[in-house]
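Single-structure report; data block below.
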Amino acid sequence: MIELLILFELNRKVLTMYGVSKEIRNSFSVLTTPSYGTIKPALTRLGAGGFVNSQKIMSQGGRPSVYYSITKEGVNELKRLICEPPLENPIQFLPAARIKLACADILNQEEQVKLFSQLKTKAESILIDTQNLIRSKELAFYPRMVFDNLMCEYKNFITLVEGFEHAGNSKQC
């Protein structure tokens, strides 16, 4: 997910590693706050993959700063990362899906429709699994409340995706 976030921010402007971190925090702090220890190796991987270029420039203070920019291949990789199938692990699904939705405006209409469909289908599947779990077991009060809350989160997420689908259909008219 860190690669998606980095590419998303670099798609907006050229940044230093500090700038990448700051922009991710400004845009996504309620969803994630990656450390420099996560960002630096991800930038290295993205550079090795040809998705990011780096250039050393002397700063006003006389110290070299490395600036990163996205390549054409990086834009394609960003779109691929957004559109790849949702994570199978339910605990990772919602945060990753929310990040993908927040980045969806760089996709074309067809890619957005596919993304929304994938995310909605997976969320509905997890919701059904949760409902089946609750029905199949006698749960104590606290687990029951946790799973009820989880079902509410998935229902809200599905409603959000349906809102995006509706907005996309309105743009076509």
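Brief remarks follow.
- Selection within segment 130-155 - within 19 Å of L87 (Cβ to Cβ) and either among the hydroxyl-bearing types (S, T, Y) or loosely packed, with under 12 Cβ neighbours inside 10 Å (or both): T130, Y154
- Residue within segment 64-84 that is assigned to a loop (DSSP other than H, G, I, E, B), modelled with pLDDT under 95 and exposed (fewer than 12 other Cβ atoms within 10 Å of the Cβ) present: no
- Residues of segment 85-104 that turn out to be at pLDDT 95 or above and over 13 Å from L31 (Cα atoms), as a count: 1
- Condition met for T121 (of a type in the set (S, T, Y), at pLDDT 95 or above and either surrounded by 11 or more Cβ atoms within 10 Å (Cβ to Cβ) or in a helix (DSSP H, G or I) (or both)): yes
- Going through (1) in contact with a helix residue (DSSP H, G or I) (Cβ under 8 Å, 6 or more places away or on another chain); (2) of a type in the set (S, T, Y); (3) free of Cβ contacts under 8 Å to residues at least 60 places away in the same chain; (4) under 21 Å from V30 (Cβ atoms) one by one, T130 falls short only on (4).
- Residue in segment 31-38 that is touching a strand residue (DSSP E or B) at 6+ places or on another chain (Cβ under 7 Å) and open to solvent by 20 Å² or more (accessible area, probe 1.4 Å) present: no
- Residue within segment 94-105 that is open to solvent by less than 70 Å² (accessible area, probe 1.4 Å), assigned to a loop (DSSP other than H, G, I, E, B) and not charged (D, E, K, R) present: no
- Matching option when the condition is of a type in the set (D, E), modelled with pLDDT of 95 or more and on the phi < 0 side of the Ramachandran plot, among E165, E138, E153: E153
- Residue in segment 92-114 that is among the polar types (S, T, N, Q) and farther than 18 Å from F157 by Cβ present: yes
- Near pairs, Cβ below 6 angstrom, 6+ apart or cross-chain, from segment 80-96 (within 16 Å of T121 (Cβ to Cβ)) to any residue that is surrounded by fewer than 13 Cβ atoms within 10 Å (Cβ to Cβ): none
- Here T71 meets the list (1) touching a residue at least 12 places away in the same chain (Cβ under 8 Å); (2) within 24 Å of L160 (Cα to Cα); (3) polar (S, T, N, Q) almost entirely, failing just condition (2).
The values are calculated or read from the model by the stated rules, or taken from the named source; none is laboratory data. Bear in mind that the values here come from a model prediction, so they are computed numbers and not experimental data. Here the Cβ is made from the backbone with ideal geometry for all residues, glycine too, and neighbour counts use every protein chain on show. Side chains included, ligands, DNA and RNA excluded: accessible areas come from the protein's heavy atoms. Shrake-Rupley method; radii C 1.70, N 1.55, O 1.52, S 1.80 Å.
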